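Enquirer: After the structure tokens below, expect a handful of questions from me.
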Amino acid sequence: MARVFEAIDDDLAKFIGEQKMFFVATAPSGGAGHVNLSPKGLDSFRVIGPRTVAYLDVTGSGVETIAHLRDDGRITILFCAFAGPPRILRLFGRGVALLPGDEGFDDLVGWFPPTPGTRSVVRIELDRIADSCGYGVPRYDFVGPRSQMIDWAERKGDDGLRAYREKNNARSIDGLPGLDPGRERR
């Protein structure tokens, strides 16, 4: 039942737009270090073109995705239907994390609602788009988004977020470079 697609068509874009959650997987190069798998929510994913997608990256406890993309560039996005017909969609590609001040950041961040704590926009050029049945995925009812991340970022404010990122986002758990603390002070 699995299919491979040349591009994101209207049907796939509609499916992506209906999902309330997606997962991001990355790994460092060379087979060493930890594979990272992160759930994402909020209104943070966009189809930019037939083979280009992006998601809004907000300040978090770690910086694995950014570090892995800088090191290796490989990334996989997974959507799975928890409501409606069963379906799993995987988007494989090469990604780059664009930070404020990087070329292209302002254009991409404009695709998303203003979100406190925005750290980067991850742009992905897709090299494989494939779905599968999802028959084993359970059904869940969507109750609503959580507000804690946005509330936390608003309470921190710009200076508090900068300090938090300096302390917690400079290196990945494997010691790879994450965010450059000096860059935000410029």
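Enquirer: Which residue pairs have Cβ atoms under 6 Å apart, sit 6 or more places apart or on different chains, and have a first residue in the stretch 159-174 that is farther than 20 Å from residue 71 by Cα and a second that is of a type in the set (Asp, Glu)?
Expert: Close Cβ pairs satisfying both conditions: 162/184.
Enquirer: Right, another one. With (1) in contact with a Gly (Cβ under 7 Å, 6 or more places away or on another chain); (2) over 17 Å from residue 60 (Cβ atoms); (3) at pLDDT below 95; (4) not aliphatic (A, V, I, L, M) as the list, and residue 125 as the residue in question, which single condition is left unmet?
Expert: (3) is the only condition that residue 125 fails.
Results for (1) in contact with a Ser or Thr (Cβ under 7 Å, 6 or more places away or on another chain); (2) modelled with pLDDT of 95 or more, shown as yes or no for each residue.
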residue: 68; (1), (2): yes, yes
residue: 86; (1), (2): no, yes
residue: 92; (1), (2): yes, yes
residue: 98; (1), (2): yes, yes
residue: 106; (1), (2): no, yes
residue: 140; (1), (2): no, no
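Enquirer: Out of all the residues in the stretch 111-160, which are out of contact with any helix residue (DSSP H, G or I) (no Cβ under 6 Å at 6 or more places or on another chain) and on the phi > 0 side of the Ramachandran plot?
Expert: 134, 144, 157
Enquirer: Out of the residues in the stretch 72-118 that are out of contact with any strand residue (DSSP E or B) (no Cβ under 6 Å at 6 or more places or on another chain) and aliphatic (A, V, I, L, M), state the one that is surrounded by the most Cβ atoms within 10 Å (Cβ to Cβ).
Expert: Looking at the filtered set, the residue picked out is 81.
Enquirer: If a residue counts only when it is farther than 24 Å from residue 105 by Cβ, which strands (runs of 3 or more DSSP E) contained entirely in the stretch 1-81 have at least 1 such residues?
Expert: So the answer is 3-5, 36-40, 74-80.
The values are calculated or read from the model by the stated rules, or taken from the named source; none is laboratory data. Here the structure is a predicted model, which is why all the values come from computation and not from measurement. Using ideal geometry, Cβ is built from the backbone for each residue, glycine included, and neighbour counts are taken over all protein chains shown.
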